[in-house]
Each structure stands twice: as C-alpha cells, then as structure tokens.
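Let me begin by presenting the structure, written as structure tokens, before commenting on it.
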Amino acid sequence: MKITVIGAAGGVGRRVVHQAAQAGHAVTALVRTQEQADMVALHGAAPVLGDLTGHWQHALDGAEAVVWAAGAGTSGHYRAIDGDALIALTDELAGRAATGGPRRLVVVSSMGVDRPEQMPPFLHAVLRVKATSDAHVQASGLDWTILRPGGLTDTPGTGQVSAGLPAPRGMIPRDDVAAAVLAALHEPGSVGLTTELVSGSTPVREAIGGQ
C-alpha cells in the first residue's frame with residue numbers, strides 16, 4: 001500500500017513510518033525540516049517537506065491511504081494543527097476522492113474527546129478542538145477510522161490492547177498505537193470505527209477488527 005503519514009516526525013508518527021516500511025508498504029512522510037527528513041528516511045520513508053500551516057497538499061500525491069498522526073503537543077498551536085489542519089486535510093481528501101483519489105484516512109486522536117470534563121483540566125481546550133475536527137472527519141464521507149489512545153508512553157509495545165468507547169482510563173505504548181494504525185489499514189471492518197485504546201490483553205489486530 002502507498003501510505004502518506006502526516007506528523008511523521010512525532011512520537012507515534014515515526015513508529016507508524018517504521019512499522020509500515022517494515023511491513024513492505026511504500027511510505028511518504030510529511031515533515032517540516034531537513035533534520036526530520038533525514039530521520040524518517042532512516043526508518044524507510046520517502047520524506048516530503050511541508051508545513052501544516054502552509055503548503056502540504058503535495059504529500060498526498062500518489063497515496064492510497066493517509067494516516068494523521070500530527071498534533072500540536074506543548075506548542076500551544078492546537079487550534080491550527082489539531083483543529084484547522086485536520087479539517088483542511090479531510091476536505092482535501094474528500095475533494096480528491098471525488099476524482100479517484102484516496103478515500104482511506106486513519107486518524108490518531110485522543111482519549112476523552114467526547115468527555116473532556118472527565119479529563120485533566122489542562123487537556124480541556126485541546127480536546128474540545130479535537131472533538132470538532134473528529135466530527136468533521138466522521139461526517140466527511142471518507143473511509144475513516146479514528147483511534148483515541150490514552151496516555152502515551154515510550155515503553156516497548158506488547159501487541160495487546162483494550163479497545164472500546166469508552167475504554168478504561170490508562171496508558172499505552174506508542175508502539176502499540178502505531179500497530180493499531182497498521183491493523184486498521186489492513187482491516188476493512190475498521191472503516192467507520194471510533195475507538196479508544198489503552199494497554200490490555202487483546203491482540204491489536206483482533207481488537208481493531210472485532211469492534
């Protein structure tokens with residue numbers, strides 16, 4: 001599969017790039033700097049320079065599926081990235097789909113988007129922004145999947161998760177989130193699925209395919 005990863009230099013994004021390349025997919029990675037380009041190339045991707053607040057649409061050329069793994073993190077630009085940029089990507093894909101472009105979109109979002117009041121206060125604003133962009137994806141007519149992981153860790157993945165809406169509050173290795181992205185791309189039954197993910201005891205492929 002030809003996959004474009006948006007947010008390819010981030011913690012989840014670079015793991016998606018690595019796992020997808022290891023699985024034999026052709027990966028295009030959107031990055032902002034040459035340093036990031038060099039890094040994702042080491043993971044097996046073809047880097048494309050662009051900026052989600054500027055010109056990035058060329059990264060979609062030739063793609064069969066798109067993974068959104070971008071996020072503003074601690075930069076404070078969550079309205080521009082988690083909100084406006086994801087909405088713009090969705091609209092761009094919907095326009096291209098009308099003329100034979102890619103329809104498949106997997107979005108890495110966040111646990112608690114549908115209940116920000118139950119999450120830590122510092123997350124409330126970004127979760128509300130994500131709620132708007134997630135809803136835009138869900139109404140787009142694309143073949144979408146939205147994954148909402150809990151707290152992210154850099155511990156090695158276990159290949160096992162707990163998935164549901166809601167899932168119990170908890171943590172999950174970035175490795176396992178990336179594995180869930182790849183599982184969704186392989187699983188037609190995940191189209192139209194919105195699910196939260198934390199560490200658990202169900203194999204990733206089964207958890208994503210069994211919703």
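Descriptive notes on the structure:
- Accessible area per residue for the chain is 43 Å², calculated with a 1.4 Å probe on protein heavy atoms, without ligands, DNA or RNA.
- Amide H contacts for A167 (H built 1.01 Å from N in the peptide plane; partners 5 or more residues away or on another chain; cut-off under 5 Å): E196.
- Translational diffusion of region 100-205, µm² s⁻¹ [Kirkwood Rh, Cα pairs; Stokes-Einstein; 25 °C; 0.890 mPa s]: 175 µm²/s
- Restriction of the trypsin sites (Lys or Arg not before Pro) in region 136-211 to DSSP coil positions whose beta-carbon has at most 15 other beta-carbons within 10 angstrom yields R169.
- Using R0 = 30 Å, the C-beta based FRET efficiency linking Q138 and Q34 works out to 0.25.
- Given their separation in residues at 0.36 nm each and the Cα-Cα distance between them, R128 and T202 gain 23.7 nm when the chain is fully extended.
- Estimated [θ] at 222 nm from DSSP helical runs (n ≥ 4, -39500 (n - 2.57)) normalised by residues in the chain, nearest 500: -9500 deg cm²/dmol
- Taking the accessible area of the chain, probe 1.4 Å, and keeping the other protein chains in place, the carbon and sulfur fraction comes to 52%.
The values are calculated or read from the model by the stated rules, or taken from the named source; none is laboratory data. Source: prediction; values computed, not measured. Cβ coordinates were reconstructed from backbone atoms using ideal geometry, including for glycine residues, and neighbour counts include every protein chain displayed. Protein only, heavy atoms only, side chains kept; ligands, DNA and RNA dropped before computing areas. Shrake-Rupley method; radii C 1.70, N 1.55, O 1.52, S 1.80 Å.
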